[in-house]
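**Q** Take a look at the following structure, please.
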Amino acid sequence: MGSMTRPRITQSVHAALVGARSLVLVASVTVAAACLPPIAHAHEYWLAPSRYDGIPGAPVSIAAVAGTGFRGERKPWSPNHGVRFAVRATKVLDLSAAAAAGELEWVRFSPSDHGGALLAFESDFTPITLDPERFDRYLRDEGLNDALAVRLAASRRLGAAVPGRERYRRCAKAWLTGDIERRATVPFGLPFEIVPLVAPGSGSTLPIRVLAQGRPVAGVLVKAWRTRLEPSGMPTDPSARDSSVVCWRGTTDARGEAVLDVRTAGEWLVSAVTMVPSSDRAIADWESTWASLTFERR
Amino acid sequence: MGIAYLRTPMTRRRVTLARVLALGAALSLPATASAHDQSFSYADIEWRGARLAVTVTLHRDDAATLLGVAPASLLLADAVSGPTAERLARDVAARFSIRGDAEGLRFRFLGASTVPERNSVAFALEALPRRPLRSIAVESRLFTVATQHETFLKVYVDGRLTRQDVLTAGHPRVEVYRTDAAGAAAAFTRYVAAGMHHIFIGPDHILFIVGLILLGGGARRILGVVTAFTAAHSITLALAALGAFRPPASVVEPLIAISIVTIGWDNLRTRHGGRDWRAPIAFGFGLMHGFGFASVLGEVGLPREVLAWSLLGFNLGVEAGQVCIVLLIAPALGLLERQAPRLAARVVAAGSWGIIAAGGFWFVQRVSAGG
C-alpha cells in the first residue's frame, strides 16, 4: 500500500535526482562527442566493394563511402549527381543504369573472368561555403598551397578574410584484383585520376601517376590509409571500424608520379585533391576534384 | 501537412533509460560531418485503402542543421526521447506536404526513431482521410538552403512499389495515382485539363492553328486539315512521351517557328490561286508540334502507373483546345466571307503577314537562345 503513494517531498527529491542523473548523462554525451575525433574540413570519398578478390561469378556489392581516416558512412546513389559510374572488365559497362536512386548498395556486379575489374565513379559539382579559417586550414592540410597563397594575398589586399566558396566533385576508382594489368593501368578518363602503373596490390610498392584532364600533375599531395581485412579476407564495415592514420604521404614528382609503400596487407585507400579557380564564379570561387583509389593487398 | 501530436506518457525512468541508450548510440556512431557530404532524405509512403502512412527519414547532419543542434550526434539522443522529435516533426511537416485529391491532409505524428545504419532519424506519420483517395501530390522543400538536397521517394500502393522518384529543388513535386479505375479517371481528368491549358497558353500553337483555318474552304476541308495536324502530333507526342525518340528543343522550337512562317506564306500563295497544301503542311509540321507538346508534358511529368490514361488525356486535352479555337474562329471567318468577301480577303492577307512576322520573330529568338 505504501508503495502506491509516495510522499510529496520524496517525489520531489526523486525527480531532482532523476533530473540530475539525466543532466549528467546529457553532459556525458556532450563531453564524449567533444572527445571524438574532430570534424574534418575535408572528407575522402571512395568506392567500397564488398570484396576485392575479383572471383568470377562471385557477386560484389558496390557502395560509396564518405569519411575521414578511412572510416565513414555509405552514401546513396543519386542519378542527379552521378556523371559516370562504370566498370572496365572484359569490356567497359555502364553501371549507372543498374543503380537504384537512394540505395546505399549502388549495384551488384559479378566479374566474368580472372582478369580483374576497375570500377570508376565521377560526380558533378556540389557547392559548399566554409568560414575563412576553416577553409584555409583545409587548404593547408591538403597541401593546396597555390590556392592558399592566392587567398592569403587576397585577404591582405582586402584587409579581411573571405569565406571559402568552393564547389567540389569526386572521382573514385576501385580495383578488384585480377591478372590483366592493363585493366587497372590504362587511365579511365576521369577529370582527375590516380592511375596505378602496376596492378594495385601486386607488389610491396605501388607506383602511381596523377592525371588532371589526362595530363600528369606535379606537386600533388598524395595520402594513403590502410585498414585490416576480416580474417575471412573480406573488407571490414567502413562505418564500424576504427579510424586509420595516414600511413603514407608524398608529393608527385615532375612527371606526376609517386611510389607508395604498400607492403602491409589490408584494404588500402589512396587519395589526392586538386583545386583550381572556379570556372563558374557565380557559384564558387574555387573548384576541387577529389580522386581516390581503393584496393586490397594480401 | 497539418500534424496532430500523440503524446505518449513517459516515466522518468524511461526517459533516463532512453538517454542511456541514446548515449550508447551517439558514441557508437562515426564522427563524420556534413562538410563535403551529400544532403539527402527519404520519404516512404504506404498507401493502403484510405490510410496513408508516411515515414520521413532525415540524415542527422541535415536534421541538426535544420534545428541548429551541434554536435549532430546529440540530436539522435534527443530525437528518441521526445520534445526535440516533436519540434523536428513540426519543422519537417512545414516543408514536406502531401495533398490527397488536391486537398490538404491532416497527419498524426506517431513517433520518431533512429536508423543507425543510415545515421538518421525517422519520423512516422499517418493520415486517415474520410474517403479513399484517388491521387496524392507529394511536395518536398525540406532543405531550401541546401540547394542540392534530394528526397528519395518511394510510394507503395496496397503493398506494391508504385512510384520511385527523386525530389529536388528543380523537381520538388510529384503526383501519384491509384492504379484502379478511380485513379485512372483522376489522371485522365487531370491531363485533359493540362492539355487544354497548354494549347491556350501556347501562342505558337494557336497561331499555327489559326493559320491552318484562315483560308476557310468549308467544314470538310477544315476538318481534313485539323485531322492531319492531330494525327501527326499524336504520333510524335506518344513517341517522345514514351521515351522512344525525343529530338532536342534546340531543333524542335525553331522548326515550330518555321511552321508558322510556312503556313502564313502558304496562305498568301494559295490566295492567289495556288494549290491548297494545308493538309500536308499540317501533317509535316504537326510532327514537330507533337515534340513541342511532349516537352511540356515532360515538365508536368507523366505518371508511369497510369501512363496510357494520362497520355490519352493530355492528347485529348490538346484536341479539345484546338477544337475550341476552330469553333471560335472558323464560323466568324465564314460569316465574314459571306457578308463582306473583300474585307475577308484583306483579313486573310493581313492575318497571314502577321503570322509570318510572328513566326519569323520566334525563329530568330529561338535560334539565338539555342532553342
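**Q** Could you run through the range A:181-238 and say how many residues are of a type in the set (Phe, Trp, Tyr) and touching a Phe, Trp or Tyr at 6+ places or on another chain (Cβ under 9 Å)? Walk me through how you get there before you give the answer.
**A** The first filter runs over the range A:181-238 and keeps only residues of a type in the set (Phe, Trp, Tyr), leaving A:188, A:192, A:225.
Narrowing further to those that are touching a Phe, Trp or Tyr at 6+ places or on another chain (Cβ under 9 Å): A:192, A:225.
Within the range A:181-238, residues that are of a type in the set (Phe, Trp, Tyr) and touching a Phe, Trp or Tyr at 6+ places or on another chain (Cβ under 9 Å) number 2.
**Q** Further question: With the condition kept exactly as written, say whether any residue in the range B:168-190 is modelled with pLDDT under 90, crowded, with 19+ Cβ neighbours inside 10 Å and either more than 14 Å from every other protein chain (Cβ to nearest Cβ) or touching a strand residue (DSSP E or B) at 6+ places or on another chain (Cβ under 9 Å) (or both).
**A** No, because not a single residue in the range B:168-190 is modelled with pLDDT under 90, crowded, with 19+ Cβ neighbours inside 10 Å and either more than 14 Å from every other protein chain (Cβ to nearest Cβ) or touching a strand residue (DSSP E or B) at 6+ places or on another chain (Cβ under 9 Å) (or both).
**Q** While we're here: Quick check: is even one residue across the range A:284-291 on the phi < 0 side of the Ramachandran plot, assigned to a loop (DSSP other than H, G, I, E, B) and of a type in the set (Val, Ile, Thr)?
**A** Within the range A:284-291, none of the residues are on the phi < 0 side of the Ramachandran plot, assigned to a loop (DSSP other than H, G, I, E, B) and of a type in the set (Val, Ile, Thr).
**Q** To continue, here is another question. Quick one: A:Ala172 ticks every box in (1) closer than 22 Å to A:Gly72 by Cα; (2) at pLDDT below 95; (3) small (Gly, Ala, Ser) except a single one, so which number is it?
**A** Of (1) closer than 22 Å to A:Gly72 by Cα; (2) at pLDDT below 95; (3) small (Gly, Ala, Ser), only one is false for A:Ala172: (2).
**Q** Within the range B:138-148, is even one residue away from chain A (no Cβ under 14 Å) and either part of a strand (DSSP E or B) or under 17 Å from B:Val306 (Cβ atoms) (or both)?
**A** yes
**Q** Next question. Please enumerate the residues belonging to the range B:207-227 that are in a helix (DSSP H, G or I) and surrounded by fewer than 19 Cβ atoms within 10 Å (Cβ to Cβ). Break it down stepwise before answering.
**A** Of the residues in the range B:207-227, the ones in a helix (DSSP H, G or I) are B:207-213, B:219-227.
Hits for the range B:207-227 are B:Ala219, B:Arg220, B:Arg221, B:Leu223, B:Gly224, B:Thr227.
Matching residues to (1) modelled with pLDDT under 50; (2) surrounded by 15 or more Cβ atoms within 10 Å (Cβ to Cβ); (3) within 11 Å of chain B (Cβ to nearest Cβ):
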| position | (1), (2), (3) |
| --- | --- |
| A:Leu23 | yes, no, yes |
| A:Ser28 | yes, yes, yes |
| A:Pro49 | no, yes, no |
| A:Asp53 | no, yes, no |
| A:Val65 | no, yes, yes |
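**Q** Scan the range B:158-167 for residues that are exposed (fewer than 14 other Cβ atoms within 10 Å of the Cβ) and among the basic types (Lys, Arg) and jot them down.
**A** Answer for the range B:158-167, where residues must be exposed (fewer than 14 other Cβ atoms within 10 Å of the Cβ) and among the basic types (Lys, Arg): just B:Arg160.
**Q** Quick one: is A:Leu119 under 21 Å from A:Glu44 (Cβ atoms) and in a strand (DSSP E or B)?
**A** In short, yes.
**Q** Specify the residue that is nearest to the chain's Cα centre (by Cα); the eligible residues are those in the range B:160-218 that are over 23 Å from B:Ile263 (Cβ atoms) and of a type in the set (Phe, Trp, Tyr).
**A** B:Tyr191
**Q** I'd like to check something: does the range B:191-203 contain any residue that is touching a Lys or Arg at 6+ places or on another chain (Cβ under 9 Å), part of a helix (DSSP H, G or I) and either modelled with pLDDT under 90 or under 21 Å from B:Ser295 (Cα atoms) (or both)?
**A** no
**Q** Here's a follow-up. What are the residues in the range B:318-371 that are of a type in the set (Lys, Arg) and over 27 Å from B:Ala294 (Cα atoms), if any?
**A** Step one: of the range B:318-371, the residues of a type in the set (Lys, Arg) are B:338, B:342, B:346, B:366.
The answer is B:Arg338, B:Arg342, B:Arg346.
**Q** Something else: Please determine, by comparing only the residues of the range A:108-125 that are buried (at least 20 other Cβ atoms within 10 Å of the Cβ) and within 18 Å of the chain's Cα centre (by Cα), which one is farthest from the other protein chains (Cβ to nearest Cβ).
**A** Among them, the one singled out is A:Leu118.
**Q** Specify which of the listed residues (A:Arg108, A:Arg134, A:Arg71) is touching a Ser or Thr at 6+ places or on another chain (Cβ under 6 Å), closer than 28 Å to A:Arg249 by Cα and of a type in the set (Lys, Arg).
**A** A:Arg71
**Q** Hey, can you tell me all the residues within the range B:88-99 that are of a type in the set (Gly, Ala, Ser) and under 24 Å from the mean Cα position of the chain (by Cα)? If you could, list the steps in order and put the result at the bottom.
**A** Looking only at the range B:88-99, we keep the residues that are of a type in the set (Gly, Ala, Ser), and these are B:89, B:93-94, B:97.
Answer for the range B:88-99, where residues must be of a type in the set (Gly, Ala, Ser) and under 24 Å from the mean Cα position of the chain (by Cα): B:Ala93, B:Ala94, B:Ser97.
**Q** Given the residues A:Asp253, A:Asp237, which is the only one that is in a loop (DSSP other than H, G, I, E, B), acidic (Asp, Glu), within 15 Å of the chain's Cα centre (by Cα) and over 15 Å from A:Ser292 (Cβ atoms)?
**A** A:Asp237
**Q** A further question on this structure: Just the residues that are surrounded by 16 or more Cβ atoms within 10 Å (Cβ to Cβ) and over 26 Å from the mean Cα position of the chain (by Cα), please, taken from the range B:100-110.
**A** Across the range B:100-110, the qualifying residues are B:Phe109, B:Leu110.
**Q** What residue, of B:Val121, B:Val155, is in contact with a strand residue (DSSP E or B) (Cβ under 7 Å, 6 or more places away or on another chain), closer than 20 Å to B:Ala184 by Cβ and either crowded, with 17+ Cβ neighbours inside 10 Å or away from chain A (no Cβ under 14 Å) (or both)?
**A** Numbers: B:Val121 fails: closer than 20 Å to B:Ala184 by Cβ.
Exactly one residue qualifies, and that residue is B:Val155.
The values are calculated or read from the model by the stated rules, or taken from the named source; none is laboratory data. Since we're looking at a predicted model, the values are computed, not measured. Virtual Cβ from ideal backbone geometry, glycine too; neighbours counted across all protein chains shown.
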